[in-house]
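The values are calculated or read from the model by the stated rules, or taken from the named source; none is laboratory data. The structure displayed is predicted, hence computed values, not measured ones. Virtual Cβ from ideal backbone geometry, glycine too; neighbours counted across all protein chains shown. Quick note on the areas: whole protein, heavy atoms, side chains included, nothing else; ligands and nucleic acids left out. Shrake-Rupley method; radii C 1.70, N 1.55, O 1.52, S 1.80 Å.
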Amino acid sequence: MTTPRATATLPFSSLLLPIPSSPSAATPPRRAGTAAAVGHGGVRWRRRGCRAVVEDGVLLPKEEEDEAAAAASGGGRYDWREEWYPLYLAKEVPDDAALPLTVFDRQLVLYRDAAGVLRCHEDRCPHRLAKLSEGQLVDGKLECLYHGWQFDGEGKCVKIPQLPDGAKIPRNACARNYEVRDSQGVVWVWMSESSSPDERKLPWFEPYARPGFTDLSTVHELPYDHSILLENLMDPAHVPISHDRTDWTAKREDAQPLFFEVTERTPRGFAGYWGKQRTPHLRNLLRFEAPCVLTNTLEFVDKDGKEQCLSAHFLCRPAGQGKSMLLVRFGSTARSPLARVFPSWYFHQNACKVFEQDMGFLSSQNEVLLREKVPTKELYLNLRSSDTWVAEYRRWMDRAGHGMPYYFGHSTLSPPPVPAVVEQAPAGAVAGMSASFPAKGGVGTTHAPNPTNRYFRHVVHCKGCRGSVKKYTSLKNAFAALAAAAVAAAILAATRQLKAVLLASAAALAAASYACNWVISLITTNFIRTHRRL
């Protein structure tokens with residue numbers, strides 16, 4: 001896959017590498033760009049039923065919709081099964097346990113065998129349909145927790161404890177196997193049951209093969225559909241508003257009209273340039289490729305004359321109705337001094353904060369689409385100066401949706417036959433309570449997953465953050481115990497001077513314990529907008 005040149009749309013990418021702001025710093029674009037395509041004047045429209053009527057060309061006109069659909073028609077039938085889907089970051093796959101994952105409505109189990117090879121099966125025991133992911137690994141074989149049946153890496157059953165001596169294991173006692181690949185640190189699964197894996201479709205990102213290229217990758221489980229997630233990630237217009245002051249780049253006063261130019265439409269996606277009207281010399285290129293890969297890369301020459309590359313990849317796996325799994329990869333050939341000073345968990349929690357800022361209104365958007373059951377053009381008011389990629393993506397769904405389990409396109413749709421219940425992201429006082437405790441039914445414990453809480457959306461998927469929480473919890477308890485011991489010793493101290501020293505030590509230890517608790521809270525607690533508190 002050839003990676004286009006573009007800027008990352010999420011603001012926290014700036015912590016990895018500063019984005020050039022002058023024309024001389026950026027790599028010259030392949031085509032000259034202007035902001036002439038942007039409509040001018042105020043937005044004036046009126047509605048007839050659910051349709052917006054264009055009066056001044058600011059909204060995307062019907063003529064463009066028809067032209068785009070005609071240009072992209074043909075090219076073969078799309079089939080969601082004939083694709084590679086991103087399952088997980090390879091470094092986060094546990095060595096000693098099975099991992100339950102889903103692609104649309106298919107439940108899978110991923111694990112490493114005794115040789116460390118990645119294996120993937122349908123998450124269902126052929127005996128009594130128990131989830132194999134609930135079981136354990138025994139000598140590299142996956143054992144069902146229900147009756148102890150064991151399966152090898154190919155899904156073949158190799159042990160049934162209940163069989164008499166000498167009895168043969170039934171030939172059809174096997175788990176359905178899926179092909180997986182570890183490509184550039186990402187585990188991909190081929191979902192087709194009838195055709196061999198197409199290696200040509202396996203995503204490969206050129207920047208990650210460059211010498212000295214480093215990346216910061218995170219995993220996030222989100223409570224809304226993958227199409228809404230992709231739509232959000234390809235929407236640069238929302239960043240200054242939704243992520244205002246998240247770091248040192250997003251500011252609401254920078255909200256402005258954008259210009260767009262679609263340069264490529266295929267049955268497998270689209271690509272094109274976009275940029276800010278105030279800085280038309282910086283032309284970015286965005287590329288979407290089926291089924292769920294969004295790519296942004298910026299190449300430029302730094303002040304020392306060296307070519308640098310900042311790359312952002314968003315791998316969005318459909319994890320069922322109203323659920324998605326996002327693998328975010330920010331990589332660069334050079335990193336800012338901040339990235340060398342701050343620990344990785346700081347960048348992870350900042351990434352979590354960005355997604356939590358969007359989570360409330362995106363989960364409610366998911367609910368509206370399921371309830372209204374009409375195409376997005378009947379609900380969205382897409383502006384030419386901000387929403388071109390959104391409309392382009394939903395038009396691609398029109399072309400490819402017939403090959404998906406369900407979809408909501410620009411002009412057509414096929415909703416799920418039985419919509420699942422979508423759990424809303426909390427707000428106000430409910431959000432505060434949800435953010436404070438990482439579990440339902442327990443204070444400070446984790447016996448029941450809460451899909452709207454950061455602990456279960458990110459920390460459980462990240463070895464680094466789990467290790468940091470464990471380390472700082474141990475330090476917090478140790479400092480607290482030492483502070484209590486210092487206070488007790490101060491009470492028993494014979495001299496006033498010794499009492500003062502012990503009490504000062506106790507205060508310092510208590511402060512250290514509090515600092516550790518603050519770090520734990522920063523890693524595990526949801527971001528809450530202050531204006532939404534009750």
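Take the conditions (1) outside any loop (DSSP other than H, G, I, E, B); (2) free of Cβ contacts under 8 Å to residues at least 24 places away in the same chain; Phe260 misses just one of them, which is (2). If we scan region 176-192, do we find a residue that is surrounded by fewer than 19 Cβ atoms within 10 Å (Cβ to Cβ), touching a strand residue (DSSP E or B) at 6+ places or on another chain (Cβ under 7 Å) and either polar (S, T, N, Q) or assigned by the TED database to the domain that holds Asn284 (or both)? Yes, some residue in region 176-192 is surrounded by fewer than 19 Cβ atoms within 10 Å (Cβ to Cβ), touching a strand residue (DSSP E or B) at 6+ places or on another chain (Cβ under 7 Å) and either polar (S, T, N, Q) or assigned by the TED database to the domain that holds Asn284 (or both). The residues of region 361-393 that are open to solvent by less than 40 Å² (accessible area, probe 1.4 Å) and outside any helix (DSSP H, G or I), listed by number, are Pro375, Asn382, Ser385, Ser386, Asp387. Evaluated against (1) within 23 Å of Asn382 (Cβ to Cβ); (2) outside any strand (DSSP E or B); (3) of a type in the set (Lys, Arg), Arg265 falls short on exactly one condition, (2). Yes or no: region 167-178 includes at least one residue that is among the β-branched types (Val, Ile, Thr), over 23 Å from the mean Cα position of the chain (by Cα) and closer than 25 Å to Val219 by Cβ. No, region 167-178 has no match at all. Taking region 291-308 as the range and being at pLDDT below 80 and open to solvent by less than 10 Å² (accessible area, probe 1.4 Å) as the test, only Thr297 passes.
Yes or no, residue by residue, for (1) part of a strand (DSSP E or B); (2) touching a residue at least 40 places away in the same chain (Cβ under 8 Å); (3) not assigned by the TED database to the domain that holds Trp389:
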residue	(1), (2), (3)
Ser217	yes, yes, no
Val239	no, yes, no
Arg245	no, no, no
Gln308	yes, yes, no
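So, Lys156, is that one over 24 Å from Val460 (Cα atoms), open to solvent by 10 Å² or more (accessible area, probe 1.4 Å) and either without any contact (Cβ under 8 Å) to a residue 60 or more places away in the chain or assigned by the TED database to the domain that holds Arg399 (or both) or not? Against the criterion (over 24 Å from Val460 (Cα atoms), open to solvent by 10 Å² or more (accessible area, probe 1.4 Å) and either without any contact (Cβ under 8 Å) to a residue 60 or more places away in the chain or assigned by the TED database to the domain that holds Arg399 (or both)), Lys156 qualifies.
Yes or no: Arg171 crowded, with 18+ Cβ neighbours inside 10 Å and of a type in the set (Lys, Arg)? Here the answer is no, as Arg171 does not meet what is asked. When residues in region 122-151 are screened for being under 20 Å from Leu87 (Cβ atoms), assigned to a loop (DSSP other than H, G, I, E, B) and charged (D, E, K, R), 3 of them pass. Considered as a group, the residues in region 320-359 that are in contact with a Pro (Cβ under 9 Å, 6 or more places away or on another chain) and hydroxyl-bearing (Ser, Thr, Tyr) include one that is surrounded by the most Cβ atoms within 10 Å (Cβ to Cβ), and that residue is Ser332.
Just to be sure I understand, how many residues within region 238-290 are open to solvent by less than 40 Å² (accessible area, probe 1.4 Å), hydroxyl-bearing (Ser, Thr, Tyr) and under 12 Å from Glu392 (Cα atoms)? Selection size over region 238-290: 0. Please tell me if Leu482 is over 29 Å from Gly360 (Cα atoms), outside the structural domain of Ser344 (by the TED database) and open to solvent by less than 60 Å² (accessible area, probe 1.4 Å). No, not satisfied.
Restricting Phe330, Phe355, Phe314 to those that are part of a helix (DSSP H, G or I) and in contact with a Leu (Cβ under 8 Å, 6 or more places away or on another chain) reduces the list to Phe355. May I ask you to verify whether Pro207 is over 18 Å from Asp95 (Cα atoms), in contact with a Gly (Cβ under 8 Å, 6 or more places away or on another chain) and not in a helix (DSSP H, G or I)? Spelling it out, it is not the case that Pro207 is over 18 Å from Asp95 (Cα atoms), in contact with a Gly (Cβ under 8 Å, 6 or more places away or on another chain) and not in a helix (DSSP H, G or I). Just one of the listed residues (Gln497, Gln424) is of a type in the set (S, T, N, Q), modelled with pLDDT under 95 and not in a loop (DSSP other than H, G, I, E, B), and it is Gln497.
Looking at Tyr224 and the list (1) part of a loop (DSSP other than H, G, I, E, B); (2) of a type outside the set (Gly, Ala, Ser); (3) open to solvent by 10 Å² or more (accessible area, probe 1.4 Å), which single condition is not satisfied? Result: Tyr224 fails condition (3) only. Scanning region 399-421 for residues that are in contact with a helix residue (DSSP H, G or I) (Cβ under 7 Å, 6 or more places away or on another chain) and not in a loop (DSSP other than H, G, I, E, B), we see that the one that is most open to solvent (accessible area, probe 1.4 Å) is Ser414.
Evaluation of Asp79 against the conditions (1) open to solvent by less than 40 Å² (accessible area, probe 1.4 Å); (2) in a loop (DSSP other than H, G, I, E, B) shows that the sole unmet condition is (1).
Annotation note: Cβ proximity below 9 Å between a residue of region 367-381 that is in contact (Cβ under 8 Å) with a residue 12 or more places away in the chain and a residue that is open to solvent by 60 Å² or more (accessible area, probe 1.4 Å) and in a loop (DSSP other than H, G, I, E, B) (sequence gap 6+ or interchain) occurs for Glu367/Gln424; Val374/Cys50; Lys377/Cys50; Glu378/Gly49; Glu378/Cys50; Leu379/Cys50; Leu381/Val43.
When region 115-127 is filtered for residues that are open to solvent by 10 Å² or more (accessible area, probe 1.4 Å) and more than 18 Å from Gly148 (Cβ to Cβ), the ones remaining, listed by number, are Ala115, Gly116, Val117, Leu118, Arg119, Glu122. Scanning region 88-114 for residues that are assigned to a loop (DSSP other than H, G, I, E, B), touching a helix residue (DSSP H, G or I) at 6+ places or on another chain (Cβ under 6 Å) and either open to solvent by less than 10 Å² (accessible area, probe 1.4 Å) or assigned by the TED database to the domain that holds Met404 (or both) yields a total of 0.
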